[in-house]
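Heads up, the thing below is written out as structure tokens.
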Amino acid sequence: MSEIENCPKAIEALLEKQKVKGFLPFNEAELLHRVASDAAKLGSLLEVGTYCGRSAVYLGQAAKACNQVLYTVDHHRGSEEHQLGEGYHDPDLYDGVIGRVDTLPELRKNLYLCGVEEVVIPIVAKSENLAKHWTTPLAFIFIDGGHSEVQATADCLGWVENLHPEGVMAIHDIYETPEEGGQAPLRALETLLSTHPLTIIKRQGSLVILKRLS
Ligand code: SAH
Ligand code: MG
């Protein structure tokens with residue numbers, strides 16, 4: 001296990017060295033880490049969509065610097081696009097015995113190898129089920145789970161209720177046009193903005209950062 005510096009370039013180098021699989025370009029990771037580092041002064045962080053832990057290592061380091069923790073939720077059965085025969089299927093992350101995707105063993109290995117086991121708390125659950133029972137206020141919420149409009153909307157609306165008054169929400173995979181990417185997360189964001197007093201404060205690539213209107 002290694003101790004890493006809490007700096008995006010050092011974290012990215014470690015993720016590359018340990019061959020951590022995932023879906024978060026460096027320019028987005030940098031902004032995510034910066035915003036989370038600031039929010040962690042207020043309380044704990046939560047992520048929806050752990051996969052193999054790429055974003056969780058960034059967020060875990062941000063939490064650690066403020067003596068906070070990151071809760072990270074995933075059923076570890078993969079999104080639609082990760083299933084057998086789909087575009088983002090990875091045979092290394094498939095449990096042939098039960099015939100299901102399983103990203104949990106890979107996540108546990110990565111959290112160990114990246115030195116964030118103490119600060120990243122994985123929760124194996126369907127996000128919408130956990131959101132119904134959650135009561136702890138969250139300083140930072142990162143939505144990066146299922147990409148259907150129903151799921152993305154349930155995640156945005158289900159988790160925003162737990163946002164600390166001064167907290168920050170981040171949503172991934174927001175594309176303005178269908179040529180750039182799927183439109184379901186954008187539709188979910190629009191629903192969130194039309195039902196809650198939030199505003200976009202920053203963007204980088206497909207990452208959008210929101211705060212309560214003051
Ligand atoms: N943040 C990751 C990528 C997440 S990919 C990274 O940095 O690499 C999206 C993840 O959301 C998948 O692992 C999938 O299993 C999970 N997911 C999809 N729908 C979900 C749901 N309803 N509840 C919990 N997790 C879900
Ligand atoms: Mg994503």
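The values are calculated or read from the model by the stated rules, or taken from the named source; none is laboratory data. All figures in this text were calculated on a predicted structure; none of them were measured in a lab. In this analysis, Cβ positions are derived from the backbone assuming ideal geometry, glycine residues included, and neighbour counts consider all displayed protein chains.
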Legend entry - Considering residues of segment 58-77 that are within 15 Å of ligand 2 (Cβ to nearest atom), touching a residue at least 60 places away in the same chain (Cβ under 8 Å) and not acidic (Asp, Glu) only, the residue nearest to PHE23 (Cα to Cα): LEU59
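The rows are residues; the columns are (1) more than 19 Å from THR50 (Cα to Cα); (2) touching a Pro at 6+ places or on another chain (Cβ under 6 Å); (3) not charged (D, E, K, R).
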site: THR135; (1), (2), (3): yes, no, yes
site: GLY146; (1), (2), (3): no, no, yes
site: GLY158; (1), (2), (3): no, no, yes
site: GLU166; (1), (2), (3): yes, no, no
site: MET169; (1), (2), (3): no, no, yes
site: THR177; (1), (2), (3): yes, no, yes
site: GLU180; (1), (2), (3): yes, no, no
site: SER206; (1), (2), (3): no, no, yes
site: ILE209; (1), (2), (3): no, no, yes
Legend entry - From LEU14, LEU32, LEU45, LEU24, residue being under 19 Å from TYR71 (Cα atoms), of a type in the set (A, V, I, L, M, F, W, C), out of contact with any strand residue (DSSP E or B) (no Cβ under 8 Å at 6 or more places or on another chain) and modelled with pLDDT of 95 or more: LEU24
Legend entry - Near pairs, Cβ below 7 angstrom, 6+ apart or cross-chain, from segment 166-184 (among the aromatic types (Phe, Trp, Tyr)) to any residue that is away from ligand 1 (no atom under 14 Å from the Cβ) and outside any loop (DSSP other than H, G, I, E, B): TYR175/LEU186
Legend entry - Given (1) touching a helix residue (DSSP H, G or I) at 6+ places or on another chain (Cβ under 9 Å); (2) surrounded by fewer than 24 Cβ atoms within 10 Å (Cβ to Cβ); (3) under 24 Å from ILE200 (Cβ atoms), number of the condition GLU12 does not satisfy: (3)
Inset, instruction - Please work out which one of (1) surrounded by fewer than 17 Cβ atoms within 10 Å (Cβ to Cβ); (2) closer than 16 Å to GLU47 by Cβ; (3) within 16 Å of ligand 2 (Cβ to nearest atom) is the condition CYS156 fails and give its number. - result: (1)
Legend entry - Residue among ALA188, ALA154 that alone is among the aliphatic types (A, V, I, L, M), touching a residue at least 24 places away in the same chain (Cβ under 8 Å) and within 12 Å of ligand 1 (Cβ to nearest atom): ALA154
Inset, instruction - Can you run down the residue pairs with Cβ atoms below 6 Å, 6 or more apart or on separate chains, where the first is in segment 119-145 and near ligand 1 (Cβ under 8 Å from one of its atoms) and at pLDDT 95 or above and the partner is of a type outside the set (Lys, Arg) and assigned to a helix (DSSP H, G or I)? - result: SER127/ASP155; GLU128/ALA154; GLU128/GLY158; GLY145/SER127; GLY145/ASP155
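To keep it simple, each residue is scored yes or no on (1) closer than 15 Å to LEU45 by Cβ; (2) surrounded by 19 or more Cβ atoms within 10 Å (Cβ to Cβ).
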{"site": "THR136", "(1), (2)": "yes, no"}
{"site": "VAL150", "(1), (2)": "no, no"}
{"site": "GLU161", "(1), (2)": "no, no"}
{"site": "HIS172", "(1), (2)": "yes, yes"}
{"site": "GLN183", "(1), (2)": "no, no"}
{"site": "PRO197", "(1), (2)": "no, no"}
{"site": "LYS202", "(1), (2)": "no, no"}
Legend entry - Answer from LEU104, LEU113 - the residue that is of a type outside the set (D, E, K, R), away from ligand 2 (no atom under 16 Å from the Cβ), surrounded by 15 or more Cβ atoms within 10 Å (Cβ to Cβ) and touching a residue at least 60 places away in the same chain (Cβ under 8 Å): LEU113
